[in-house]
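Notes follow once the structure below has been shown.
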Amino acid sequence: MSKKKLEEFVIKLSEDPKLNQSYVENPEAVMKDFGLEDKEITAVMKGDSKEVEKLLGTKAVCIFMVTMMKSDDKE
């Protein structure tokens, strides 16, 4: 499990406008390119906050932002 990588991704996503825009356009590809594991990508794509919390080992407050960002473009 790459708990640290998932945490790093969420932080980087909030700080890097280019990464953020790429994520909005193609979240799965951006997460793969960043090096997240398949189970992490799946949990985020599904918006499964319980699984993300389990993967992070903490409450996944920011994961709601991440899942909302990926779905904003689809509405």
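The values are calculated or read from the model by the stated rules, or taken from the named source; none is laboratory data. No experiment lies behind these values; they were computed from the predicted model shown. FYI the Cβ positions are ideal-geometry reconstructions off the backbone, even for glycines, and counts take in every protein chain you see.
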If we scan segment 6-19, do we find a residue that is assigned to a helix (DSSP H, G or I), surrounded by 15 or more Cβ atoms within 10 Å (Cβ to Cβ), among the aromatic types (Phe, Trp, Tyr) and modelled with pLDDT of 95 or more? no
Where residue 36 falls short, out of the listed (1) within 12 Å of the chain's Cα centre (by Cα); (2) of a type outside the set (S, T, N, Q); (3) in a helix (DSSP H, G or I): (3)
Please find, among 57, 35, 47, the residue that is of a type outside the set (S, T, N, Q), surrounded by fewer than 14 Cβ atoms within 10 Å (Cβ to Cβ) and at pLDDT below 85. 57
